[in-house]
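This report concerns only the one structure given below.
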Amino acid sequence: VENLQPEIKSIARHLNQEVAVRANQLRWSKRVARLTYLKNMRRLVSELYVRDNCHPFKATVLVWIQFPMWIFMSVALRNFSTGATHSEGFSVQEQLAADGILW
């Protein structure tokens with residue numbers, strides 16, 4: 001995403017000039033010109049993300065998956081080590097003490 005910033009800036013400059021010229025030709029209000037610019041800019045940036053396969057949301061996917069998984073695994077290991085869960089015959093804590101972490 002960071003590598004696309006120079007290209008996005010040049011596209012924004014070029015699009016701003018095009019919209020300004022078109023707004024003068026068609027006598028658009030500033031509001032219409034701004035909305036047209038924003039709509040086209042959104043479309044062009046989206047095309048860049050698709051072209052380079054680098055949507056900003058992909059950077060946050062790791063956090064949305066890894067953080068909850070880390071919490072669940074921490075709680076599960078804590079419950080195993082304190083003996084909060086029991087299996088048939090021996091407690092999990094005894095099995096971990098005898099067989100180790102690869103139990």
List the pairs whose first member sits in the stretch 50-62 and is closer than 13 Å to E2 by Cβ, whose second member is at pLDDT below 85, and whose Cβ atoms are under 7 Å apart, counting only residues at least 6 apart or on separate chains?
C54/V1; P56/V1
Does L62 qualify as being surrounded by 10 or more Cβ atoms within 10 Å (Cβ to Cβ), of a type outside the set (K, R) and in a helix (DSSP H, G or I)?
no
Residues of the stretch 18-55 being outside any helix (DSSP H, G or I) and loosely packed, with under 11 Cβ neighbours inside 10 Å, in sequence order, are R27, S29, N53
The conditions are (1) modelled with pLDDT of 90 or more; (2) in a helix (DSSP H, G or I), and R78 fails exactly one of them. Which is it?
(1)
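The values are calculated or read from the model by the stated rules, or taken from the named source; none is laboratory data. Keep in mind that this is a model prediction, so the values were computed, not measured. Cβ sites come from the backbone with ideal geometry, for glycine too, and all protein chains shown count toward neighbours.
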